[in-house]
Amino acid sequence: MRIRPYIECKDFDEIKNWMTEERAHAMWCANFIHYPMEKDNFAKVMQELAERFGDSPYVATSDKGELIGFFCYSVDVDHDEGMLKFVLNNPQYRGKGYGKEMLRLAVRYAFEITNVQAVHLNVFPENENAKKCYESVGFIERKTDLNAFAYKDESWGRCNMVIRRD
């Protein structure tokens with residue numbers, strides 16, 4: 001597996017098809033990105049994250065170049081922490097360990113290249129599969145806020161998880 005910068009003209013048309021269900025989409029992006037995904041809106045959100053937080057979007061690919069996953073990453077120099085956002089796997093690769101491998105590479109990049117002391121992310125606790133995946137890589141729960149997000153008639157918490165450099 002390899003990680004490279006996201007290239008809109010090459011990657012968007014495939015990534016937009018990975019979310020086919022509205023509730024799962026909301027769990028992925030907390031509705032920061034419109035459903036169904038549209039190129040202009042997605043580009044606008046990526047631009048806003050870059051301007052506000054320094055986020056950069058990345059993709060994970062197989063050695064043959066097939067898209068396996070997507071995520072955004074930024075560094076908070078004041079707290080010496082990296083943050084992962086919008087972690088998403090290609091559905092054809094889910095449940096096969098590719099998400100864990102992508103996360104391990106992202107964390108390795110954070111520690112070795114951006115030299116942070118910790119990496120964190122947020123996940124809705126109701127997204128049990130994602131939370132278990134993060135835990136399996138070594139992320140631990142740092143804080144959970146109850147009723148942080150409303151989706152239709154549901155109320156979801158927000159769990160902040162962190163992994164620290166050894």
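The values are calculated or read from the model by the stated rules, or taken from the named source; none is laboratory data. What you see is a predicted model; the values in this text were computed from it and never measured. Reconstructed Cβ throughout: ideal geometry from the backbone, glycine too, with neighbour counts over all protein chains shown.
What do you reckon, is residue 100 surrounded by fewer than 17 Cβ atoms within 10 Å (Cβ to Cβ), in contact with a helix residue (DSSP H, G or I) (Cβ under 9 Å, 6 or more places away or on another chain) and among the basic types (Lys, Arg)?
Values: surrounded by fewer than 17 Cβ atoms within 10 Å (Cβ to Cβ): yes; in contact with a helix residue (DSSP H, G or I) (Cβ under 9 Å, 6 or more places away or on another chain): yes; among the basic types (Lys, Arg): yes.
Judged against the criteria, residue 100 is a match.
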Residue 129 meets each of (1) under 15 Å from the mean Cα position of the chain (by Cα); (2) part of a strand (DSSP E or B); (3) exposed (fewer than 15 other Cβ atoms within 10 Å of the Cβ); (4) of a type in the set (S, T, N, Q) with one exception, condition (2)
Condition check for residue 108: farther than 20 Å from residue 12 by Cα, touching a helix residue (DSSP H, G or I) at 6+ places or on another chain (Cβ under 8 Å) and either among the polar types (S, T, N, Q) or not in a strand (DSSP E or B) (or both): no
What residue, of 4, 23, 52, is in a strand (DSSP E or B) and either closer than 20 Å to residue 137 by Cβ or modelled with pLDDT of 95 or more (or both)? 4
Does residue 63 satisfy being touching a residue at least 12 places away in the same chain (Cβ under 8 Å), surrounded by fewer than 19 Cβ atoms within 10 Å (Cβ to Cβ) and not in a strand (DSSP E or B)? yes
Might you let me know whether the stretch 78-95 holds any residue that is modelled with pLDDT under 95, in a loop (DSSP other than H, G, I, E, B) and closer than 29 Å to residue 8 by Cα? yes
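What number of residues within the stretch 95-114 are more than 17 Å from residue 55 (Cβ to Cβ), touching a residue at least 12 places away in the same chain (Cβ under 8 Å) and within 16 Å of the chain's Cα centre (by Cα)?
Let us first name the residues in the stretch 95-114 that are more than 17 Å from residue 55 (Cβ to Cβ), namely 95-101, 104-105, 108, 111-112.
Next, only the ones that are touching a residue at least 12 places away in the same chain (Cβ under 8 Å) stay: 98-101, 104-105, 111.
Filter once more, keeping what is within 16 Å of the chain's Cα centre (by Cα): 98-101, 104-105.
Matching residues across the stretch 95-114 total 6.
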So residue 75 clears everything in (1) hydrophobic (A, V, I, L, M, F, W, C); (2) part of a helix (DSSP H, G or I); (3) surrounded by fewer than 21 Cβ atoms within 10 Å (Cβ to Cβ) except one condition, right? Which one? (2)
